[in-house]
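Notes follow once the structure below has been shown.
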Amino acid sequence: MIEYENLSKLNKPFFNSFNQEFEIFLNKGWFILGENVQQFEINFAKYNQSNYFVGVANGLDALTISLKIFDFEIGSEVIVPSNTYIATILAIINSGLKPILVEPDINTYNIDPLLIEDAITDKTVAILVVHLYGKCCEMDKIIEIAKLHNLKIVEDCAQSHGAMYNNQKSGTFGDMGAFSFYPTKNLGALGDAGGISTNNELFYNKAKKIRNYGSEKKYYNEIIGVNSRLDEIQAVFLNIKLKFLDEITAHKRSLAKLYIKYLKEDYIKPQVKENQFDVYHIFNIRHPKRDLLKKYLFDNNIITEIHYPVTPSDQNAFKNTNYFNNLHFPISKLIHDTTLSLPISYIHSENDILKVIEIMNKF
């Protein structure tokens, strides 16, 4: 059986370090916003080439807090890709803003810069880009549009730890970068965790307050905030694994090369551009008979996933709302109906991937 992912196996190389650091953590008895969170914030900011980083409870909170920092007028519009994970949409709605969906480029699956300007109105305040699957968006074009129309840029970097566009890390192009450290991410915690990157000191200080009830000094609340603090214990684990993130990325990139080189041309494979450093959080292919292919692989002991089976605008959660009434996103729907995510984990060997390729090429 070739699993899609196995978190026990994935984390096994780090168990000894986890246990050693956990004992130290336990004996210190400081469990909220202590030195482990502070150290991870410093370490990840340095890794990501950001001036500042703020640890929060999860990726959704990272997005929501990033938007709340700007104090946009309620009902303002935020442009966002139509094929993202629902968390991106929820962050906009939970911030009292309106998501305006824009179709992706069918070749990259990231938001199509050529379609953004058509979606801009006098209510537009920001562009929320999503570096989907581990590939950066075409940020030079997006930055140009944002400057022209005086819009903020928030980056959803949940799947793009270490990804680069023109040798620049994701999360450093816009005003804010929101990260998830969900356990399956390239840098995954052992539970929920997230964070926010920025190069703006004012935004950094405000994010720290918002995550902690609006407080910088205990019992003194300067602004309206939330409880969204990165757990000390998760920071312990993340500090250990961060040292190996480049190794994990290199391994996944080597597996991706095998898929790209040897999978037959029946499959639509990820597009590779010279100016993009793709970290392949997800290796997705597309095929018109996706569901049959998924079953065929399962019958041959290969587990796959679908990221994602339903477009955000088609989710039941929005059926009785006015967000996406009578709107259709055919490119997004085509992607969601045909995409399949193949095994590409730190736990997989090259032989595993060659076996997957061998079986897929017989389909």
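Every number here is computed from the coordinates shown, using simple stated rules; none is lab data. Owing to the predicted nature of the structure, the values given are computational and were not obtained by experimental measurement. Neighbour counts are summed over all protein chains in view; Cβ atoms, including those assigned to glycine, are modelled from backbone coordinates with ideal geometry.
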Quiz item: Taking the Cβ-Cβ separation of TYR262 and THR184 as r and a Förster radius of 35 Å, what is the calculated FRET efficiency to the nearest 0.05?
Solution: 0.90
Quiz prompt | Pairs from LYS241/LYS264; LYS9/LYS295; LYS152/LYS206; LYS28/LYS68 whose Cα-Cα separation, in the structure shown, is over 28 Å | solution = LYS241/LYS264; LYS28/LYS68
Quiz prompt | Local electrostatic count at VAL226 - Lys and Arg +1, Asp and Glu -1, tallied over other residues with Cβ under 9 Å | solution = +1
Exercise. Mind grabbing the base-10 log of I(q)/I(0) for region 245-360 at q = 0.17 Å⁻¹? Debye formula, identical points on the C-alpha positions, no solvent, two decimal places.
Key: -0.89
Exercise. Can you tell me the relative contact order of the chain? Whole percent, Cα pairs under 8 Å, sequence separation 6 or more.
Key: 22 percent
Quiz prompt | Additional length obtainable on full extension of the chain from GLU358 to ASN205, 0.36 nm per residue less Cα span | solution = 49.9 nm
Quiz prompt | Reduced Cα scattering model of region 7-242, Debye log10 I(q)/I(0), q = 0.11, 0.12 Å⁻¹ | solution = -0.54, -0.64
Practice problem: Apply the membrane-span-like helix rule to the chain: whole DSSP H runs, Cα extent along the own long axis of at least 24 Å, mean Kyte-Doolittle hydropathy at least -0.5. List the helices found. | Solution: 245-262
Exercise. Return the percentage of antiparallel bridges among DSSP beta bridges fully within the chain, rounded to the nearest 5 %.
Key: 60 percent
